[in-house]
Structures are given as structure tokens and as C-alpha cells.
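**Q** Quick one: the structure is below, and I'll ask about it shortly.
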Amino acid sequence: MNEVLIEGRRLRLRRANVTDLNYIMTLQFTPENLKFIVPFNREYHHAIIASDGSEKLDVIVEELDSGSSVGYFMLRKMDSPCVEFTHVIIGRKGLGYGREALNLLLKWAFEMKDFHRVWIDCKDYNKIVLHLYESLGFVREGFLREYLLTNGVYENLIVLGMLDREYFSTD
């Protein structure tokens, strides 16, 4: 069964299942996405999908009209009041799906699941995504210098967060 988390105007967010593993792996290892994330292997995702979803969740973004998968998220630390959004990958770029999917995910996190805080990080050179996050109300909380080692080069991460009261004050 495809457990639906939330639906919007054009998109649906649902819990991933084993039939989504190839899609998730393809999105992670597509060169234009890979430079912005640290990928996890198939076994890691399989364990998340097989779990009860209380601590981690793989989420598929689908078009409502076609049912086609257009993106993927991972949620972590769901067993605390502060959930992490990670692996925010939209496969069909340039259509506003990233903004819509993140808005749906924020609504789900704050309005349906009652999280106190959500947070996300991104590499400092990922300017498009950084702008998107900040335009949605995420606040820069930290700068982790030379935090990730990628292909022999240390990269910086920017940490952003949003509190429940910040989310609800934008309504």
C-alpha cells in the first residue's frame, strides 16, 4: 500500500515502498544531483522502507494527474520534536515542484505531525536551493566549515531551520 502523507494542488507525498528503490537510487546518482548530496546505498534505503517509519522515512513526490514520480525526500530524527529534511531531490526540475513539495512537507510536519522544529542543510555553493529554502522561511542557523569530504575536497554546509511558531506566523 502507498501510504499518502499529504496532497496538494499538483503533487502528492507518499511513503516510499520497495518498488521505488530503483527510482531513489537513480535520482541520488544522477550527476546533476550527486554533486549536492551524500548518497546512501540501496540497503540503507531498503531498511528505511522496511521500518515502521517512526524514526526515518523515504518520501516519494508524485504528480497527482499522472501518478509519475517526480522527486524524493528523506526524513530523519522523526522520533524527536525536531525532524531533519534531507535528500531533497526533484527529478523534474524547472516546474516549481521543489517549492510545492517543500510547502507540502512543511504543512505535514507542522500541521499534521506537530513537530516543533524542522531543519535542513545544503552545500554552500548550492545557491538555487539555498535561495528556495530561505524564500520558504528557513533561517540560516550555522555554517559548518569543511564538513564533508567529497572526491578529496572538503566542502562547507549551511544549516537552516524553521520553528513551528515561524511557520504559523507566515499564514
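**Q** Of the residues that sit in the stretch 126-171 and are touching a residue at least 40 places away in the same chain (Cβ under 8 Å) and outside any strand (DSSP E or B), which one is farthest from Cys82 (Cα to Cα)?
**A** Taking the candidates together, the pick is Asn126.
**Q** Let me ask you something else. Only one of these conditions is not met by Thr86: (1) out of contact with any helix residue (DSSP H, G or I) (no Cβ under 7 Å at 6 or more places or on another chain); (2) among the β-branched types (Val, Ile, Thr); (3) more than 23 Å from Val159 (Cα to Cα). Which number is it?
**A** (3)
**Q** Of the conditions (1) touching a Cys at 6+ places or on another chain (Cβ under 9 Å); (2) assigned to a loop (DSSP other than H, G, I, E, B), Val88 satisfies every one except a single condition; which number is it?
**A** Exception for Val88: condition (2).
**Q** Answer yes or no as to whether Leu13 is at pLDDT 95 or above and either touching a Leu at 6+ places or on another chain (Cβ under 6 Å) or of a type in the set (D, E, K, R) (or both).
**A** Taking the combined requirement at face value, the residue satisfies it.
**Q** Which residue is nearest to Gly161 (Cα to Cα), if the candidates are limited to the stretch 78-112 and must be crowded, with 16+ Cβ neighbours inside 10 Å and among the charged types (D, E, K, R)?
**A** Glu84
**Q** Show the residue pairs meeting these rules: Cβ distance below 9 Å; 6+ apart or different chains; first residue within the stretch 6-18 and over 15 Å from Glu100 (Cβ atoms); second residue surrounded by fewer than 18 Cβ atoms within 10 Å (Cβ to Cβ) and not hydrophobic (A, V, I, L, M, F, W, C).
**A** Correct list of pairs: Arg15/Asn2; Arg15/Glu3; Arg15/Gly53; Ala16/Asn2; Ala16/Tyr23; Asn17/Asn2; Asn17/Glu3; Val18/His46.
**Q** With respect to Leu64, is the statement that it is within 21 Å of Tyr97 (Cβ to Cβ), buried (at least 20 other Cβ atoms within 10 Å of the Cβ) and among the hydrophobic types (A, V, I, L, M, F, W, C) true?
**A** no
**Q** OK, next. Just name the residue that is nearest to Gly91 (Cα to Cα) out of those in the stretch 1-25 that are of a type in the set (Val, Ile, Thr) and surrounded by 13 or more Cβ atoms within 10 Å (Cβ to Cβ).
**A** Ile24
Results for (1) part of a helix (DSSP H, G or I); (2) farther than 20 Å from Arg117 by Cα; (3) out of contact with any Phe, Trp or Tyr (no Cβ under 7 Å at 6 or more places or on another chain), shown as yes or no for each residue.
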position	(1), (2), (3)
Thr26	yes, yes, yes
His45	yes, yes, yes
Gly53	no, no, yes
Val59	no, no, no
Glu62	no, yes, yes
Met78	no, no, yes
Glu84	no, no, no
Arg92	no, yes, yes
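**Q** Just to be sure I understand, how many residues within the stretch 33-61 are over 15 Å from the mean Cα position of the chain (by Cα), under 26 Å from Asp124 (Cβ atoms) and either surrounded by 15 or more Cβ atoms within 10 Å (Cβ to Cβ) or among the polar types (S, T, N, Q) (or both)?
**A** Qualifying residue count for the region: 1.
The values are calculated or read from the model by the stated rules, or taken from the named source; none is laboratory data. All of these numbers come straight from a predicted model, not from anything done at the bench. Note: ideal-geometry Cβ built from the backbone for every residue, glycine included; neighbour counts use all protein chains shown.
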